[in-house]
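Colleague: Submitted below is the structure of interest, expressed as structure tokens.
The values are calculated or read from the model by the stated rules, or taken from the named source; none is laboratory data. These numbers were taken from a predicted model, which means no experiment stands behind them. All Cβ positions, glycine included, derive from the backbone under ideal geometry; neighbour counts span all protein chains shown.
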Ligand SMILES: *Cc1c(COP(=O)(O)O)cnc(C)c1O
């Protein structure tokens with residue numbers, strides 16, 4: 001699958017609900033970037049698996065779980081509130097490191113999906129609290145499209161995320177080369193995401209097969 005991607009796009013292999021052995025197998029095939037969405041799954045896997053794996057946290061993150069994952073994550077893609085970003089900053093500072101984060105936007109029709117609205121995000125980025133943060137580095141945006149077979153709907157949503165990225169890149173993050181990532185696209189819609197400008201795609205099922213939630 002990596003072979004099919006343009007060089008500007010990196011594949012995040014989403015290993016949630018799959019055992020460490022499955023990650024190891026993908027690792028041996030050359031994959032180094034993996035995504036997990038639960039702290040209680042990420043931490044044991046990260047401890048057990050090779051240390052040159054780059055772990056991205058992609059799920060809804062409760063503030064009380066931030067501390068546990070900080071030692072292991074290269075990037076937290078799913079920052080959806082100022083409160084969460086503050087806690088990441090605090091825990092990263094305590095651990096003496098800087099953590100990369102993506103701002104998650106709500107682009108789907110489903111109300112259940114999390115993420116900032118444009119206005120909420122602009123408000124956070126203009127706040128004194130944000131300007132005082134020392135230990136988070138905002139490297140881009142993330143979004144999840146509506147779960148639908150209507151690929152034109154999905155395309156419009158990815159387009160919206162790309163436009164938000166461009167707006168931020170030219171304003172709040174002007175001159176900041178590290179603000180360069182657009183994380184969008186999953187197993188069923190990643191080709192559309194790539195066409196719409198994704199730099200990170202998050203693919204689980206198409207790599208590892210169906211997840212067994214019963215385990
Ligand atoms: C599970 C998950 C994915 C991967 O989904 P697949 O359909 O299995 O490719 C991508 N992004 C997020 C945020 C996820 O939670």
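Colleague: Output the number of the condition that residue 87 fails; it satisfies all remaining conditions of (1) in contact with a helix residue (DSSP H, G or I) (Cβ under 7 Å, 6 or more places away or on another chain); (2) within 26 Å of residue 2 (Cα to Cα).
Modeller: (2)
Colleague: Would it be correct to say that residue 130 is more than 24 Å from residue 31 (Cα to Cα) and buried (at least 21 other Cβ atoms within 10 Å of the Cβ)?
Modeller: Judged against the criteria, residue 130 is not a match.
Colleague: Would you mind finding the one in 124, 161 that is assigned to a helix (DSSP H, G or I), within 20 Å of residue 59 (Cα to Cα) and modelled with pLDDT of 95 or more?
Modeller: That would be 161, the only listed residue that is assigned to a helix (DSSP H, G or I), within 20 Å of residue 59 (Cα to Cα) and modelled with pLDDT of 95 or more.
Colleague: Pick from region 45-84 the residues that are touching a helix residue (DSSP H, G or I) at 6+ places or on another chain (Cβ under 7 Å) and within 16 Å of residue 115 (Cβ to Cβ): which of them is surrounded by the most Cβ atoms within 10 Å (Cβ to Cβ)?
Modeller: Of everything passing the filter in region 45-84, 57 is surrounded by the most Cβ atoms within 10 Å (Cβ to Cβ).
Conditions tested, residue by residue: (1) in contact with a strand residue (DSSP E or B) (Cβ under 6 Å, 6 or more places away or on another chain); (2) within 30 Å of residue 168 (Cα to Cα).
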position	(1), (2)
20	no, no
25	no, no
29	no, no
80	yes, yes
93	no, yes
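Colleague: When the residues of region 1-41 are narrowed to those that are over 30 Å from residue 195 (Cβ atoms) and within 16 Å of the ligand (Cβ to nearest atom), which ends up surrounded by the most Cβ atoms within 10 Å (Cβ to Cβ)?
Modeller: Of everything passing the filter in region 1-41, 39 is surrounded by the most Cβ atoms within 10 Å (Cβ to Cβ).
Colleague: Go through region 164-187 and count every residue that is within 16 Å of the ligand (Cβ to nearest atom) and not in a loop (DSSP other than H, G, I, E, B).
Modeller: Qualifying residue count for the region: 3.
Colleague: Look at residue 146 and say whether it is modelled with pLDDT of 95 or more and closer than 23 Å to residue 8 by Cα.
Modeller: Criteria not met by residue 146.
Colleague: Among residues belonging to region 190-206 that are more than 16 Å from the chain's Cα centre (by Cα) and buried (at least 19 other Cβ atoms within 10 Å of the Cβ), point out the one that is nearest to the ligand (Cβ to nearest atom).
Modeller: Restricting to residues being more than 16 Å from the chain's Cα centre (by Cα) and buried (at least 19 other Cβ atoms within 10 Å of the Cβ), the top hit is 192.
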